[in-house]
1. If we only count helices (runs of 4 or more DSSP H) wholly inside the stretch 22-113, which ones have 1 or more residues that are of a type in the set (S, T, N, Q), at pLDDT 90 or above and more than 16 Å from the ligand (Cβ to nearest atom)?
2. Please go through the stretch 75-99 and give me each residue that is under 17 Å from the mean Cα position of the chain (by Cα) and surrounded by fewer than 14 Cβ atoms within 10 Å (Cβ to Cβ), ordered by number.
3. Six or more apart or on different chains, Cβ under 6 Å: which pairs go from a residue in the stretch 91-110 that's farther than 14 Å from GLY74 by Cα to one that's within 15 Å of the ligand (Cβ to nearest atom) and acidic (Asp, Glu)? Could you list them?
Amino acid sequence: MNHPELDMSAVVERLESLRVELTEESQSSSGARDTVMLDQTAVGRLSRMDAMQGQAMAKAEEERRQLALRRITGALARIEKGEYGECIECGEWISKKRLEWDPLVLKCIDCAE
Ligand SMILES: [Zn+2]
């Protein structure tokens, strides 16, 4: 059974739109991660460092997005199995408020700490 206090179709909708958002962000930023090599001869040392820093940040952002995408897939799979909203640690229901704050949390507040 999924979480009894949640409107599951709303949760699915939220997860789907989050997935679309992350996928679009990931596609539109993919250019930012590949520019350093191209610009290396054209720009000075400082701006090259800026570019590399920007690239590192873009890479970290992308990793964050990919992780979130995997968690979305996981959350949708748990909904399919009827386990959404259950703490993976103790099996209790995660509070509705906590799930509304972040629909991807896997643990209740007690187990998360
Ligand atoms: Zn727990």
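1. Values: elements: 35-39, 45-81, 96-101, 109-112.
Once the helices (runs of 4 or more DSSP H) in the stretch 22-113 are filtered for at least 1 residues that are of a type in the set (S, T, N, Q), at pLDDT 90 or above and more than 16 Å from the ligand (Cβ to nearest atom), what remains is 45-81.
2. ALA77, the sole residue that qualifies.
3. As it stands, the answer is CYS108/GLU92, since those pairs meet every condition given.
The values are calculated or read from the model by the stated rules, or taken from the named source; none is laboratory data. Not measured: the values here are computed from a predicted model. All Cβ positions, glycine included, derive from the backbone under ideal geometry; neighbour counts span all protein chains shown.
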